[in-house]
Amino acid sequence: MKDLMLFTKMRLSFLVLLSAVSGYLFVVDYSKTGWGITLLYLIIGGALVTGASNGMNQIWERDLDIKMKRTQNRPLPRGRMTLKQAYIIVYSFLVVGTFFLYLCNPTSALLGVISFILYAFVYTPMKTKTPWAVFAGAFPGALPVMIGVVAYNNQFGLIAGILFMVQFMWQFPHFWAIAWVAYDDYAHGGFYLLPSTGKTKASAFPGVVYALLLVPFSLIPWVLDMVGTLTLVLGTILGLIFFLYAYRLYITCDTKDAKKLMFASFAYLPLIQYLYVIDRIVP
């Protein structure tokens with residue numbers, strides 16, 4: 001069970017599910033019945049498809065994982081799981097997960113499959129080729145919240161697009177902070193994912209730009225009157241705090257500040273997403 005959780009990265013899957021559920025709860029009509037069972041389908045399907053994506057990522061990178069401290073204890077490089085077993089898990093999770101998303105609606109299932117393909121067969125192989133992999137990975141990385149919205153209303157509307165863009169913008173300072181913290185370990189595996197060469201101001205600056213842009217982007221739901229003053233006030237504060245962490249890294253170029261930005265990014269996304277939910281449903 002522990003190896004299964006390592007292989008499918010269940011802790012990461014939990015964060016992905018938080019995003020998907022936030023999108024669903026943002027648009028759901030609580031006065032109607034039946035929304036709870038659809039939410040359950042979304043959670044099960046989302047967890048399984050995400051686990052399949054993470055597992056396929058490890059299949060691709062099994063020979064590189066053994067070279068890095070942070071990944072060398074995964075079940076494939078250590079031989080605790082065979083490649084055949086890994087493929088069985090991935091495709092079983094994908095098929096069953098897609099089925100549960102289909103129970104929400106066909107569009108959700110389609111988005112789940114697209115997310116799997118982009119993550120496993122576009123982003124993952126690009127990681128050893130170019131730092132542009134981060135841009136490619138930002139698309140499947142931002143799809144969960146859109147899937148959550150679509151799981152309820154079965155349409156690509158303005159709300160789905162806005163929530164997608166907020167999570168899309170967040171991906172860059174988030175992942176570059178991780179790439180900075182794990183720079184040496186990534187180098188052992190052949191990954192160079194910072195936007196510029198080395199841990200320099202040139203690598204830190206794009207993260208500052210995206211963190212700053214995230215402040216107005218995160219307030220678009222308020223501008224369009226989807227949420228209230230609570231989002232305007234707290235959303236601005238959260239965005240500015242996140243920006244200050246990114247700016248601090250630019251000033252110091254210190255790995256300690258990259259780690260602070262990384263943890264700030266883990267906190268920022270669920271906070272802003274569930275701020276939207278609370279502000280929308282509480283009078």
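Here, each number is a calculation from the coordinates, and none is a lab measurement. All figures in this text were calculated on a predicted structure; none of them were measured in a lab. Quick reminder, even Gly has a Cβ in these numbers, built from the backbone with ideal geometry, and neighbours come from all protein chains shown.
What is the ratio of the Cα radius of gyration of segment 201-258 to 2.2 N^0.38 Å, with N the residue count, to two decimals?
1.28
With labels modelled as points extended 7 Å from the Cα through the Cβ direction, what inter-label distance (nm, one decimal) is found for Ile237 paired with Phe205?
3.3
So what's the gap between the Cα centers of segment 14-51 and segment 222-265, to the nearest angstrom?
Comparing the Cα centres of segment 14-51 and segment 222-265, I get a distance of 26 Å.
Per residue of the chain, what 222 nm ellipticity follows from adding -39500 (n - 2.57) for every DSSP H run with n ≥ 4, rounded to the nearest 500?
After summing the helix terms and dividing by the residues of the chain, the value is -24500 deg cm²/dmol.
For the chain, calculate the relative contact order in percent as a whole number, restricting contacts to Cα pairs under 8 Å that are 6 or more residues apart.
19
May I ask which residue of Ala211, Gly198, Phe263 lies farthest towards the positive end of the charge dipole of segment 159-283, with charges of +1 (Lys, Arg) and -1 (Asp, Glu) on Cβ and the Cα centre as origin?
Among Ala211, Gly198, Phe263, the one farthest towards the positive end of the dipole of segment 159-283 is Gly198.
Could you count how many Lys pairs in segment 1-156 have their Cα atoms under 29 Å apart, skipping same-chain pairs fewer than 8 positions apart?
The result is 17.
With +1 assigned to the C-beta of every Lys and Arg and -1 to the C-beta of every Asp and Glu, and no other charges, what is the dipole magnitude of segment 1-156 about the Cα centre in debye, to the nearest 20?
With Lys and Arg at +1 and Asp and Glu at -1, about 660 debye.
Taking the chain as the region of interest, what is the percent of Cα-Cα pairs per 10 angstrom bin, listed from the shortest bin to the one with the maximum distance?
The distribution over the chain is 7, 28, 34, 24, 7, 0, given as percents.
Within 10 Å, count the other beta carbons around each residue, average over each peptide in 153-162, 235-244, 103-112, and list them highest first.
103-112, 235-244, 153-162
Measure off 7 Å from each Cα along the Cα-to-Cβ vector at Thr128 and Val95, then give the distance between these two points in nanometres to one decimal.
2.9
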